[in-house]
Every structure is written in structure tokens, then in C-alpha cells.
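Here the structure comes first, spelled out in C-alpha cells, and everything after it is commentary.
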Amino acid sequence: MPPELAKDHSLMNKKRFIVPGAALAGLIALASCASNPGSDSMPGMHHGNTTASANSSTSEHNAADTMFAQMMIPHHAQAVEMSDAMLAKKDIPASVIALATKIKAAQAPEIDKMTAWLKSWNESSTMSGHGGHSMDGMLSDAELLKLDGSQGMEAAKLFLSQMIAHHEGAVTMAKTETSQGKNPDAVQLSKDIVTSQEQEIQEMKDLLAGL
């Protein structure tokens, strides 16, 4: 092939490969951009975005959420205290012991959960200027002493009647959170409390009628 033709042929070859090469580079760049946000090959970036989103969602709350947690923590704590009082007594019907055990097992972890929420929201775990015993369903010191001093069937009946009123107070507070709260986790807990404690109220009424 003459030198001039050989030179032109070489240039043509170069041009043919330059264009596909540039296109390929563009495709690689596009593929990289498209895959990075949700790609498992970039777990650090993906996890970071997810965590930031989760933290943002968890931290969203309003005054109703704060009040719900601040009030429900001591309310739950008293229910656990009442249940412990029953579990320490003798000659209590097995059905009442089972109920006290169930109440303690359900409410103690919820106290930890709500305490953690308040901490993440940078809110106090206690409500200033609001006496604990003025909350719906809370027992007075005298009522708690009466429960502590009772025994046997008298204690079982007293526990059930007191806990029914206690649960009714919790349901009232939870319904307020359901309608006014903003934080999705707190609102869901309020709905769970309404469902579980309304069932337990009926269970306790049935138990009380049978004693």
C-alpha cells in the first residue's frame, strides 16, 4: 500500500476506535452514577444514607409525643410495681399471678423504649410541674399501701379493681397520643397500648367476677 494511503487508513482506524472508546467511557460513567446510590457494592455510602434517614424520622416528634412518653413512663412503672407486689404474695389465684406476670413483661420493656425516645429527642425523662399521681388511673400512696398490706383473695380482688382503673387511665392517655402525636413509633405504641390494655381490662373484669 502506498505511504499516503497507508497513512489515511491508519487515521481512519484511529477514528473508528476513538468514538466507540469515548462512548464506552460515557456508558461506564453513567452506569457508575446510576448504581452508586442503591448499589450493594457501596455499602458504606448506602448504609450512611439509610441511617441518616432513619435518624431523621426517629427524631421527628411534637409536644404530644413528649408528654405521652413522660406520662406513660411513671404510669407503666406503677403497673410494674403493683404486679411485683402481687407476685411477692402467697395464696393468690394462678390466673391473677399469670396476669401480673404478663403485665410486667409487657410494660417494663416499653419503659426502656420510651426513655430511649426522650433521650434521642433531647427531652427530659420527667415532666416538670406535673405530679405523677394526678395522671389518669394512677394510684395514691394510700392505695398502694393498701395493696401491699392485703393478702390472699382480698389482695387479688383489690389488685384487679385497681389495675382496671389504672389500665383505663393508660388507654385514655394512649388515645390522646394516637390522635395528636407525630412520631410514628410513639403513635404505633399508643395504638398497641390501647389494643392490649383494653383486652386486659375485659380479662380482669371477667376474673374479678369469678372470684
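Just to be sure I understand, how many residues within the stretch 179-211 are of a type outside the set (A, V, I, L, M), more than 16 Å from His75 (Cβ to Cβ) and in a helix (DSSP H, G or I)?
13
Report, ordered by the first and then the second residue, all pairs with beta carbons closer than 6 Å, sequence separation of six or more or different chains, a first member in the stretch 192-211 that is at pLDDT below 95, and a second member that is part of a helix (DSSP H, G or I).
The qualifying pairs are Leu211/Lys157.
The values are calculated or read from the model by the stated rules, or taken from the named source; none is laboratory data. All values derive from a computational prediction rather than experimental measurement. Note: ideal-geometry Cβ built from the backbone for every residue, glycine included; neighbour counts use all protein chains shown.
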